[in-house]
């Protein structure tokens with residue numbers, strides 16, 4: 001049986017089923033392993049892990065610890081509450097209209113970040129003004145229709161992850177700001193911070209940055225230096241705002257003080273740093289890397305909700321879920337009519353009933369003629385679960401514009 005325990009309940013002889021944290025937040029070779037000694041326990045504690053899952057069939061038990069099933073049932077209830085509290089939808093541009101601009105923006109933004117990082121590697125001072133018009137365009141696209149740009153930004157190449165991640169974080173922060181009712185000017189500063197938040201990685205050696213395996217302790221420590229390296233780059237640049245600096249400085253900090261580089265707690269963190277931490281982890285854990293498969297967006301949101309008990313601001317996590325949707329656009333979902341569909345667009349006043357493109361029959365295991373389905377316009381067909389595209393060997397993104 002899989003159970004969730006506090007880290008102070010962890011003892012040698014237990015089998016860890018899941019460390020229950022982002023894969024970039026720990027240096028262990030695997031998320032699952034047998035705890036052989038107290039040194040392993042102490043190492044887990046040092047890396048800020050507060051709760052984890054154990055497998056009682058493969059190691060010692062903890063009496064009265066909640067089961068994974070009980071935890072998931074509680075998360076389901078929270079999701080229902082979050083969906084019911086969704087705000088009324090703002091006016092937006094039709095998806096197909098905005099999708100044309102979104103696809104162009106993606107390529108242009110990736111090139112800009114690549115060039116900025118190239119300048120840092122060569123020791124040049126970056127010119128922020130080259131990025132500002134692109135950030136404004138990203139914000140305009142998000143405010144027009146978030147469902148055009150956000151799903152295609154999850155498509156990343158392994159060898160281009162670092163700068164593509166920066167573009168995704170910029171757009172997600174803009175969507176977050178839009179949902180919170182922040183001004184476009186603040187959204188632009190947040191977007192610029194997102195675009196530049198990992199600029200310090202340009203000073204990290206390629207063999208560490210793109211290592212096709214887990215980093216050792218020395219490499220892990222060097223990778224963590226990218227925050228301070230990035231701040232040094234940005235502070236030597238003109239036209240950088242305090243908001244953008246806060247995004248860069250605090251995106252790896254955690255509300256319980258377990259983050260880095262300053263181990264700041266909730267009271268010391270800025271609103272923008274708390275937002276950036278949520279967005280950075282969400283994009284990282286949903287992205288494929290050389291040795292790590294990204295998890296489905298809805299599962300990632302559930303993990304953020306679970307981790308908000310310690311690492312993230314709980315109210316902001318709930319707001320972020322509303323900002324991207326319970327089933328974010330691009331998600332693969334199962335329906336109660338034995339079909340699979342990809343989420344194409346949100347109804348912001350009813351997050352459990354998005355627009356879908358239905359294209360696969362699970363009982364026949366066969367593709368069908370795709371058709372659009374608005375769940376808010378009927379009551380008989382419902383989403384029963386999110387699905388992992390790898391399980392079905394399906395690329396959901398090819399159906400976004402079907």
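Mind checking whether some residue in the stretch 201-210 is assigned by TED's automatic domain parsing to the domain that holds residue 320 and within 18 Å of the chain's Cα centre (by Cα)? Looking through the stretch 201-210, none of the residues is assigned by TED's automatic domain parsing to the domain that holds residue 320 and within 18 Å of the chain's Cα centre (by Cα).
For (1) in the same structural domain as residue 176 (by TED's automatic domain parsing); (2) at pLDDT 95 or above; (3) surrounded by fewer than 18 Cβ atoms within 10 Å (Cβ to Cβ); (4) over 21 Å from the mean Cα position of the chain (by Cα), each residue gets a yes or a no:
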site	(1), (2), (3), (4)
290	yes, no, yes, no
293	yes, no, yes, no
296	yes, no, no, no
319	yes, yes, no, no
341	no, yes, no, yes
360	no, yes, no, yes
368	no, yes, yes, yes
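The requirement of being surrounded by fewer than 20 Cβ atoms within 10 Å (Cβ to Cβ), in contact (Cβ under 8 Å) with a residue 60 or more places away in the chain and under 19 Å from the mean Cα position of the chain (by Cα) is not satisfied by residue 346. Count of the stretch 215-236 residues, restricted to those that are touching a residue at least 24 places away in the same chain (Cβ under 8 Å) and either within 30 Å of residue 179 (Cα to Cα) or assigned to a helix (DSSP H, G or I) (or both), is 12. Residue-level analysis places residue 37 outside the set of residues that are within 24 Å of residue 279 (Cβ to Cβ) and surrounded by fewer than 18 Cβ atoms within 10 Å (Cβ to Cβ). Please state which of the following conditions residue 305 fails to meet, knowing it meets all the rest: (1) within 15 Å of the chain's Cα centre (by Cα); (2) surrounded by 19 or more Cβ atoms within 10 Å (Cβ to Cβ); (3) farther than 22 Å from residue 175 by Cα. In the conditions (1) within 15 Å of the chain's Cα centre (by Cα); (2) surrounded by 19 or more Cβ atoms within 10 Å (Cβ to Cβ); (3) farther than 22 Å from residue 175 by Cα, residue 305 misses (3) alone. Taking (1) more than 22 Å from residue 301 (Cα to Cα); (2) surrounded by fewer than 19 Cβ atoms within 10 Å (Cβ to Cβ); (3) in contact (Cβ under 8 Å) with a residue 60 or more places away in the chain; (4) in contact with a helix residue (DSSP H, G or I) (Cβ under 7 Å, 6 or more places away or on another chain) in turn, residue 130 satisfies each apart from (3).
Yes/no matrix, rows are residues, columns are (1) part of a helix (DSSP H, G or I); (2) within 13 Å of residue 197 (Cα to Cα):
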residue	(1), (2)
135	yes, no
138	yes, no
141	yes, no
147	yes, no
151	yes, no
156	no, no
162	yes, yes
165	yes, yes
170	yes, yes
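Scanning the stretch 190-214 for residues that are part of a loop (DSSP other than H, G, I, E, B), in contact with a helix residue (DSSP H, G or I) (Cβ under 9 Å, 6 or more places away or on another chain) and either without any contact (Cβ under 8 Å) to a residue 12 or more places away in the chain or surrounded by fewer than 17 Cβ atoms within 10 Å (Cβ to Cβ) (or both) turns up 205, 210, 211, 212, 214. With the requirement that a residue be closer than 29 Å to residue 288 by Cα, free of Cβ contacts under 8 Å to residues at least 60 places away in the same chain and either in contact with a strand residue (DSSP E or B) (Cβ under 9 Å, 6 or more places away or on another chain) or assigned to a strand (DSSP E or B) (or both), what does the stretch 7-29 give you? Of everything in the stretch 7-29, those that are closer than 29 Å to residue 288 by Cα, free of Cβ contacts under 8 Å to residues at least 60 places away in the same chain and either in contact with a strand residue (DSSP E or B) (Cβ under 9 Å, 6 or more places away or on another chain) or assigned to a strand (DSSP E or B) (or both) turn out to be 7, 15, 16, 17, 18, 19.
The values are calculated or read from the model by the stated rules, or taken from the named source; none is laboratory data. Note that the structure is a prediction, hence the values are computed from the model and not measured. FYI the Cβ positions are ideal-geometry reconstructions off the backbone, even for glycines, and counts take in every protein chain you see.
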